[in-house]
Amino acid sequence: MKLNLDIISDNLPESYQLERFGRENRSLSLKRPLLYEVGYEFENDRLYVARADTLPKTPPKRGLSVVCVDIRPPQEWMSNGCNILLITSAQSLFTVFNEIIKIYDKFDEWENSLRNELESDVDFDIKNILKIGIRMLGNPMSVINGTMLVILQSDIVVDGENVIDIVVDDEPTSPSVETSEMIKNACQLERSLTVPFISSLSIDGTRSYCNNLYTFGHFSGCISLSERHRPFRDSDFSLANYFFDYFQKAFVKYLQRMRAFELPGIVAFKNLLNNVPLGVREQKILTLDEGEHWISFELRQKKSKKYFPINYMCTALSALMSGSVYSVIKDDTILGLIKLSRVETAQNSETLNFFQEFLSKMEYIAGLSDEFTNIRRINTYLQQANYAVENGERICVQTSEENQLYHFSNYALEYMMSQSTGKFSAEYLYPKGFRKLIKYDMNRSTDYVETLDTYLKNEMRPTKTADELFLHRSSLSKRLKKISKLLDADLDDPDVRLYLRICLYLFRKDK
């Protein structure tokens, strides 16, 4: 593994007295060291350990990295863009060289541990990857998914300065309301960053060094290293960057492996749909905390679009939104549950925002039910989701609309009207006067039906109706008298008005 002078400095014995000269270079670019001897041809990506009096007066290349022992190198080396680590304590050249070799051995072993864990097939466990990183970096890490749920969190058990154990919990948890709000606000600003960064979010004065996770071409969470056990050192940032690269690959593998087995929440949801009795653990998973609520959904692929296969889509949803979304495939359709926290609603939800963004990338739409808490009523709410997505699908085809989420609440009235006619077609439910009005419009090319509709919508307020129809008040008055004569109905009766409003709704829909 290649290192840099920050790592060398931070890992040499504390008894060494160190001085740094030259520009900082935090990239991991230095191969294992060589003991410099007169006449060597220098390489820019090699670390050299030397006595200063053996170096040529002028460096042959800019950017060389050298560990000097006892005395400073020639001034030209320090002013010509070279990176110098000077050890001024009384140490022999060979002792220093051997200490640096030990440092390289230590990080080679760390790299091998990461690689072996990542390449493991049978025993792969992302928690082990996290533990390997934590043990080297000396601070705990946590991982949130795209919906701000903590899906991996760690703690370090220490004895004085020594780390004796690392505990990693993979049970998804929600932060407190206050913390969740702070994370959400910070994430809105920082989720677009594709390089590691010190977060603007500081909890209890603790800084975090973060790296956003992008899988399937989509923001899927963030891993953060927090300086809770000890303050950050200069070398922590370059080492964390190196570890984050491994973790990105491990996270993709972690999500992909979810296809091979079903998470407990998925099993619980599937059993619920199939009327299989739920075990104690499954009941606990589907039990809401105070203030939480469910929304059910049904997905459809957008027509004439390149969408992802439903098996992949179902797995990706459950993986990326673990703890917030449970999705299954039933009768070749993706059905699911979304858990909203006590501070989220269907109109204001970080979870649904992430859900919508993901559907947009994958070329899917979703019908969403009303919010509910009684999980035993799931089939009713899935029917709502089905009705909503069918309307959404129709709208997409007719208008090329680009919405992803279609809420049943927007179609509830339409559903009620569609059920109100029973076995009769709508025209057989119209009163005699309303049929006369329709026939009058057809024969005379008038628009009395539209006038009645506008008048009733405006709660029989003549001025507002006249303005909306671009009519003079006197013209509207004459028209209303004619409409009233044809209808032969008392519009002052609220039941009559309701009856006519329903007829007008059915007439518009039929037309």
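Here, each number is a calculation from the coordinates, and none is a lab measurement. Only a predicted model underlies this, so the values are computations on that prediction, with no experimental measurement involved. Heads up, the Cβs are rebuilt from the backbone with ideal geometry, glycines too, and the neighbour counts pull from every protein chain shown.
Summed over qualifying helices (DSSP H, 4 residues or more, each -39500 (n - 2.57)) and divided by its residue number, the chain shows a 222 nm mean residue ellipticity of -14000 deg cm²/dmol. Placing +1 on each Lys and Arg Cβ and -1 on each Asp and Glu Cβ, with no other charges, gives segment 314-470 a dipole about its Cα centre of roughly 700 debye. Rounded to the nearest 20 debye, the dipole magnitude of the chain is 2680 debye, with +1 charges on Lys and Arg beta carbons, -1 on Asp and Glu beta carbons, and the Cα centre as origin. Other residues whose C-beta falls under 15 angstrom from the C-beta of Ala489 contribute a net charge of +2, scoring Lys and Arg +1 and Asp and Glu -1. When both segment 45-112 and segment 363-418 are represented by their alpha-carbon centers, they are found 68 Å apart.
If I require 20 Å or longer along the helix axis, counting alpha carbons, and a Kyte-Doolittle average no lower than 0.0, what helices from the chain are left? Use full DSSP H segments.
Within the chain the helices that satisfy the rule are 494-510.
The magnitude of the dipole of segment 5-107, with charges of +1 and -1 set on the Cβ of Lys/Arg and Asp/Glu and taken from the Cα centre, is near 220 debye. Listed from fewest to most Cβ neighbours within 10 Å, the set Val397, Val67, Val168 follows the order Val397, Val168, Val67. Derived value for the chain: Kirkwood hydrodynamic radius 28.6 Å. Basis is the mean of 1/r over every pair of different alpha-carbon atoms.
Of the residues Ala489, Met136, Leu114, the one whose Cα sits farthest toward the positive end of the charge dipole of the chain, with +1 on the Cβ of Lys and Arg and -1 on the Cβ of Asp and Glu, is Ala489.
Within straight-line reach of Lys302, meaning a Cα separation under 16 Å, sit the following lysines at least 8 residues removed in sequence or on another chain: Lys361. Listed by chain and number, the lysines whose alpha-carbon sits under 30 Å from that of Lys436, ignoring those within fewer than 8 places in the same chain, are Lys423, Lys457, Lys464, Lys478, Lys481, Lys482, Lys485, Lys509, Lys511. Here Lys61 is the anchor, and the lysines within straight C-alpha reach of less than 18 Å, apart from those fewer than 8 places off in the same chain, are Lys31.
Considering only lysines 8 or more places apart in sequence, or on different chains, count the pairs in segment 120-259 whose C-alpha atoms sit under 22 Å apart.
For segment 120-259, qualifying lysine pairs total 4.
Set Lys and Arg Cβ to +1 and Asp and Glu Cβ to -1, take the dipole of the chain about its Cα centre, and tell me which of Tyr214, Thr58, Leu299 lies farthest positive. Selected residue: Leu299. Working from Cα pairs under 8 Å separated by at least six residues, relative contact order for the chain is 9 percent. Take every Cα pair under 8 Å whose residues are at least 6 apart in sequence, average their separation, divide by the length of segment 5-107, and the relative contact order is 32 percent.
Order by neighbour count: Ile438, Ile483, fewest other Cβ atoms within 10 Å first, most last. Before the final figure, lay out each step's value.
Numbers: Ile438 17, Ile483 21.
Least to most surrounded, the residues fall as Ile438, Ile483.
Residue-normalised convex hull volume from the C-alpha trace of segment 37-144: 159 Å³ per residue. When exposed loop sites are taken as chymotrypsin sites (Phe, Trp or Tyr not before Pro) in a DSSP loop with at most 13 other Cβ atoms within 10 Å, the longest stretch of the chain clear of them is 1-260. For segment 120-259, what is the relative contact order in percent, using Cα pairs closer than 8 Å and at least 6 residues apart in sequence? With pairs under 8 Å counted, the relative contact order is 24 percent.
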